[in-house]
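Bear in mind that the values in this text are calculations on the coordinates, not laboratory data. Fair warning: this is a prediction, and the values are worked out from it, not measured in the lab. With ideal geometry, Cβ positions are generated from the backbone for all residues, glycine too; neighbour counts draw on all protein chains shown.
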Amino acid sequence: MALPENKIVRWIDHRLPVFTFLDHELTQYPTPKNLNYWWNFGSLAGIVLTIMIVTGIFLAMQYTPHVDFAFDSVERIMRDVNYGWLMRYVHMNGASFFFVLVYIHLFRGLYYGSYKAPRELLWILGVVILALMMATAFMGYVLPWGQMSFWGATVITNLFSAFPGVGNDIVTWLWGGFAVSNPTLNRFYALHYLLPFVIVAVVGLHLVALHQHGSNNPLGIDHKGPQDSIPFHPYYTIKDMFGLGVFLIVFALFVFYWPNLLADPANYIPANPLQTPPEIVPEWYFLPFYAILRSIPSKLLGVCATFGSILVLFIVPWLDTSKVRSAYFRPVFKWVFWLLVFDCIVLGWVGAHRPEGWFVIIGRIATFYYFLHFLILLPVIGWFEQPLPLPPSISSPVLKKGGRRLAGAAASRRKP
């Protein structure tokens, strides 16, 4: 690295090589030259995480974690605190967009085989981030202390009572007593403030694992030399900035025009332990797991299936027996992957409705297929599927397309 002439920068870097590290890992970092816009969602998720932490710190300055004052303190933030409404709407909608970005990032990894060797730990750390996000989002949803906050906390924490022997002790520990009350709110507030910084630490490990073996790419093949990669800056920083601009436009539309589109109106009613809402529905990003929970009549089996739907993601690198990474070269797996995407959408749709009539049957079929995909189809397809031939390098398809374009342009110039 050619350090700038600034003596202070050189003095610092000689003793703490932070500038050399940033230049190596962010500027000169060799990146596959064929990454598409699906690779933007990882950096976008990191930016949204930063936004969530900053807005959360400002909201924490004005929030009162007490059952008698929590709801009113949120209303005060919305009405009396300068730009408090903006901080809350950015934070509230940021949670939904964070899950959108991470879910897309996760399905992109499944499609292109980014979980395969030598990136197993990279994938596992990503699933850990997802689990921490879910815990953080659940605890944050409780803090406004509206009707859905209170009853959502009651229902979800009661799930642990299904575990024989220790279940009731876990619930009592979570509640800090024998009902969802002030100790519960204080615990959730403390954990909701702490867990985002834990997520940042795991994201750091995620990036270290990413830079150890480099990014996967749409072709799913390894680098064959310098001709297959380009520096991360300025090529992908510009691409990420363009993606960020598009994302911020969509995000601003929700914040300023549809801030409550993804919120439940019942949560604008103060929590009342004596009045149960007609329907207790979690936030949209929990609906597929909620559908799995309700599709099984046994409470214990339903809870195990719900946790199992997350735990199965940890072992995906060993369930997939195919030696080819990218679904681009796997004709059978490609169709099965899109069936999984459709199945998850169906689970979310079922979770938003009452468990009655056809919704029960559809939910059970969708739940069955979810586990069938990972535990049966993923290993079996790898045994008999005949993948398409892989290109010799990352550059060859790009150069081939470029050659065809040049040949076509030359032919058109030769025409009279």
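Per-residue extension of 0.36 nm, minus the Cα-Cα distance of Leu274 and Ile47, leaves a gain of 77.6 nm for this segment.
Within the set of other residues whose C-beta is less than 15 Å from the C-beta of Ser96, count the net charge using Lys and Arg as +1 and Asp and Glu as -1. Please list the in-between numbers first.
Working: positive: Arg88; negative: Asp264, Glu283.
That works out to -1.
Of the DSSP H helices in the chain, those with a Cα length along their own long axis of 18 Å or more and a mean Kyte-Doolittle hydropathy reaching 1.0 comprise 40-62, 120-142, 232-256, 299-314, 331-351, 358-372.
Determine, from the Cβ-Cβ distance of Gln386 and Ile345 and an R0 of 35 Å, the FRET efficiency 1/(1 + (r/R0)^6), rounded to the nearest 0.05. Plugging the Cβ-Cβ distance into 1/(1 + (r/R0)^6) gives 0.75. Rounded to the nearest 20, the Cβ-based charge dipole of the chain about its Cα centre (Lys and Arg +1, Asp and Glu -1) stands at 1900 debye. If R0 is taken as 35 Å, the Cβ-Cβ distance between Asp72 and Val155 corresponds to a FRET efficiency of 0.90.
With neighbours defined as other Cβ atoms within 10 Å of a residue's Cβ, the residues Asp343, Asp169 order from fewest to most as Asp169, Asp343. Taking the dipole about the Cα centre of the chain, with the C-beta of Lys and Arg at +1 and of Asp and Glu at -1, give me whichever of Leu191, Ala135, Tyr236 is farthest to the positive side. Highest projection toward the positive end goes to Tyr236. In the chain, helical runs assigned H by DSSP with n ≥ 4 each contribute -39500 (n - 2.57); averaged across all residues and rounded to the nearest 500, the mean residue ellipticity at 222 nm is -21500 deg cm²/dmol. As a proxy for reagent exposure, Val281, Val74 were ordered by neighbouring Cβ count within 10 angstrom, fewest first; the result is Val281, Val74.
Charging the Cβ of each Asp and Glu at -1 and of each Lys and Arg at +1, and nothing else, the dipole of the stretch 1-74 about its Cα centre rounds to 360 debye.
Simple point charges give the picture: +1 on the Cβ of Lys and Arg, -1 on the Cβ of Asp and Glu, and for the stretch 292-392 a dipole about the Cα centre of about 80 debye. The calculated FRET efficiency for Met241 paired with Thr321, based on their beta-carbon distance and R0 = 45 Å, is about 0.70. A straight Cα-to-Cα reach below 17 Å connects Lys334 with the aspartates and glutamates Asp320, Asp343, Glu385, residues fewer than 8 places away in its own chain not being considered. Taking 0.36 nm per residue of separation and subtracting the Cα-Cα distance, full extension of the segment from Ala252 to Thr20 would add 79.9 nm. Once you mark the chymotrypsin sites (Phe, Trp or Tyr not before Pro) that are in a DSSP loop and have at most 13 other Cβ atoms within 10 Å, what is the longest gap between them in the chain? No qualifying site falls inside 258-416, the longest such stretch.
Would you mind checking the pairs Lys7/Lys239; Lys224/Lys323; Lys33/Lys224; Lys33/Lys239 and listing those with alpha carbons more than 21 angstrom apart?
Flagged as over cut-off: Lys7/Lys239.
Quotient of the Cα radius of gyration of the chain and 2.2 N^0.38 Å, N being its number of residues: 1.13.
Panel order for Lys33, Lys7, Lys116, by other beta carbons found within 10 Å of each beta carbon, from fewest to most: Lys7, Lys33, Lys116.
For the stretch 292-392, just say rounded, prolate or oblate: build the C-alpha gyration tensor, square-root its eigenvalues into a ≥ b ≥ c, call rounded for a/c under 1.5, and beyond that prolate if a/b exceeds b/c, oblate if not. The shape class here is prolate.
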